[in-house]
């Protein structure tokens with residue numbers, strides 16, 4: 001797939017601006033603490049399940065609820081206009097303004113007005129739109145668009161704002177928060193009194209009352225709604241709720257998830273027309289479709305309209321924190337922005353940013369509406385691939401090579417020999433050979449300038465398995481080992497360690513040779529066809545194996561077997577039942593050791609004297625909810641686990657993301673993780689993902705070769721060996 005040049009340039013410019021990333025990281029770190037405190041004592045999972053159900057009820061009954069809202073709003077004196085698109089919405093307000101001879105519209109924050117390019121549209125007719133939200137006013141002065149749905153100017157420092165305000169004021173203002181806020185208050189206050197029309201958005205369209213709800217942190221929305229004699233509500237149709245009780249339930253989640261507040265400063269309910277200086281006030285409610293009905297009809301993507309626009313998906317997104325919202329989205333940003341851009345502006349506008357997602361699932365974990373944002377983005381990638389292709393390299397790698405298991409494995413063996421001229425012995429004793437530099441400069445910049453690359457193992461795990469002795473007479477369990485490409489061809493020693501650990505606990509390991517790649521690299525690149533074919537190969541191999549459990553030491557493979565195999569093969573009758581059966585018995589190896597075998601109690605007699613820090617792999621914690629188990633296993637051997645800052649923040653790998661899609665974004669994300677590891681002062685970092693090992697062994701190796709990166713299973717095997725001495 002050909003990448004848009006402007007998009008690539010935007011990424012490069014964002015990466016070249018370290019102040020941008022610093023501002024977003026400062027907010028992101030503070031947000032995590034505030035959000036945790038805000039939800040203390042509450043059941044977030046229960047709350048977001050309830051919100052998801054509320055939104056699903058709206059989707060199913062949206063036509064009836066819309067009709068009910070319009071009926072009740074008009075009965076309260078409001079005028080309601082249904083706009084098919086943003087142009088119709090703009091035209092309605094322009095016509096209204098002309099009929100009132102209005103020259104000034106005072107606006108509170110409204111993302112759908114950004115979507116409509118409202119300010120530009122009315123300006124073309126001699127009407128000035130004055131932003132009164134502090135963040136919106138800042139970016140209006142800067143000639144920018146919002147970089148965040150809740151905090152439009154979060155990417156800017158106070159010094160930049162002082163420069164903007166000084167230019168607007170015609171005098172020098174100091175970069176002190178109070179000085180800047182006082183200036184904004186003084187400058188904007190008059191706009192409310194001078195405005196002919198006040199425009200607000202709406203967080204809620206309450207069907208059974210015909211009223212609206214506004215959730216804000218500044219008093220400007222109330223002033224825009226009440227002081228001018230005409231109030232325009234500019235809102236999208238998916239803001240419908242059944243009743244005020246549902247709306248109140250959402251307000252318990254929205255501020256907590258958006259900014260870590262228990263409640264915003266202002267929650268405002270408005271119904272119909274109200275008196276204004278002795279005259280009857282006008283309220284015009286402009287309801288905008290703009291692609292939302294089409295999104296509601298999309299089986300794969302419709303959950304996106306459960307979004308309450310809290311912006312949390314950006315707050316925790318490592319890509320957003322690296323490049324900001326002006327790259328990672330169009331009008332709407334981050335994970336939800338990828339989806340909304342595709343439906344509101346077209347797939348062509350979204351084709352590049354579907355590749356911007358690294359797939360860490362941080363957004364899924366914090367979404368208050370329980371939207372599986374990553375899954376929807378993967379679907380859109382598939383649509384992009386169908387329309388635009390995925391590039392020659394991936395086409396050959398997935399369709400021509402990976403599908404053919406024999407060819408794939410033969411090529412890997414050949415590559416292990418061909419790589420010898422560029423590999424070097426690792427300076428760490430006992431570590432395999434590595435690739436420190438590539439011969440071509442442009443490749444070196446993206447691949448090895450900031451990290452070492454692991455070499456392919458001289459002998460893969462599958463080629464070693466038959467030579468590994470297992471002397472068990474009456475094993476408690478027989479488990480199948482889904483090895484994954486990383487452990488098979490790069491770190492086969494992890495698989496060997498797993499057999500040692502399991503055998504010590506009287507578990508036999510079976511390795512079905514017919515298994516292939518889990519297919520995630522293909523699926524994440526939008527190649528569903530190859531993903532399906534690879535899933536079938538592995539389902540067949542493990543079905544024939546007849547084992548009690550299937551274990552993996554790669555959390556991405558675990559997710560693939562448990563979720564993706566089932567989803568992708570659901571419409572294939574000859575495979576669906578087998579995929580479900582395989583899913584039910586598949587577990588991460590650490591989870592099996594702890595939750596099935598109780599290994600931390602059985603390993604408790606082993607002793608070691610070392611401190612490690614632990615990196616939570618994205619798909620292990622957020623995909624399989626496994627994070628306590630590895631820590632319990634490590635501690636049981638006498639290891640002291642010293643927690644690093646943001647242990648579950650992505651390492652920057654993302655499979656082909658760090659090599660083909662966005663290596664320079666990965667570089668920045670990985671640098672954050674390396675800094676967190678170094679800050680603990682330990683000399684070992686443990687993890688449970690070969691992909692994370694590839695990334696962190698390489699980056700840590702370049703930054704601090706005294707630190708060892710190792711799989712948890714390897715440390716357990718070492719502890720068992722130490723106990724035998």
Self-check item: Of all residues in segment 658-675 being in contact (Cβ under 8 Å) with a residue 60 or more places away in the chain and touching a helix residue (DSSP H, G or I) at 6+ places or on another chain (Cβ under 6 Å), the one that is nearest to residue 709 (Cα to Cα)
Solution: 670
Quiz item: Any residue at all in segment 356-375 that is in contact with a strand residue (DSSP E or B) (Cβ under 8 Å, 6 or more places away or on another chain) and surrounded by 23 or more Cβ atoms within 10 Å (Cβ to Cβ)?
Solution: no
Quiz item: For the subset of segment 118-149 comprising residues that are in a loop (DSSP other than H, G, I, E, B) and crowded, with 20+ Cβ neighbours inside 10 Å, which member is farthest from the chain's Cα centre (by Cα)?
Solution: 132
Quiz item: Restricting segment 77-101 to residues that are more than 19 Å from residue 114 (Cβ to Cβ) and surrounded by 15 or more Cβ atoms within 10 Å (Cβ to Cβ), which is nearest to the chain's Cα centre (by Cα)?
Solution: 82
Quiz item: Among 531, 526, which is the only one that is within 26 Å of the chain's Cα centre (by Cα), free of Cβ contacts under 8 Å to residues at least 60 places away in the same chain and closer than 17 Å to residue 390 by Cα?
Solution: 531
Exercise. Take residue 250 and decide whether it is assigned by TED's automatic domain parsing to the domain that holds residue 66, under 14 Å from residue 209 (Cβ atoms), buried (at least 18 other Cβ atoms within 10 Å of the Cβ) and touching a residue at least 60 places away in the same chain (Cβ under 8 Å).
Key: no
Quiz item: Going through segment 158-179 one residue at a time, which ones are in a loop (DSSP other than H, G, I, E, B) and touching a helix residue (DSSP H, G or I) at 6+ places or on another chain (Cβ under 6 Å)?
Solution: 172, 173, 175
Quiz item: Quick check: anything in segment 290-297 outside any helix (DSSP H, G or I), in contact with a helix residue (DSSP H, G or I) (Cβ under 7 Å, 6 or more places away or on another chain) and under 23 Å from residue 234 (Cβ atoms)?
Solution: yes
Self-check item: Those residues of segment 592-620 which are surrounded by fewer than 23 Cβ atoms within 10 Å (Cβ to Cβ), assigned to a loop (DSSP other than H, G, I, E, B) and modelled with pLDDT under 95, in sequence order
Solution: 604, 605, 606, 607, 608, 609, 610
Practice problem: Inspect all residues belonging to segment 656-677 and state whether any of them is over 29 Å from residue 320 (Cα atoms) and in contact with a strand residue (DSSP E or B) (Cβ under 6 Å, 6 or more places away or on another chain). | Solution: no
Quiz item: Which is in the same structural domain as residue 194 (by TED's automatic domain parsing), out of contact with any helix residue (DSSP H, G or I) (no Cβ under 7 Å at 6 or more places or on another chain) and more than 16 Å from residue 220 (Cα to Cα), of 125, 155, 148, 117?
Solution: 117
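The values are calculated or read from the model by the stated rules, or taken from the named source; none is laboratory data. Keep in mind that this is a model prediction, so the values were computed, not measured. Every residue, glycine as well, gets a Cβ built from its backbone with ideal geometry; the counts of neighbours run over all protein chains shown.
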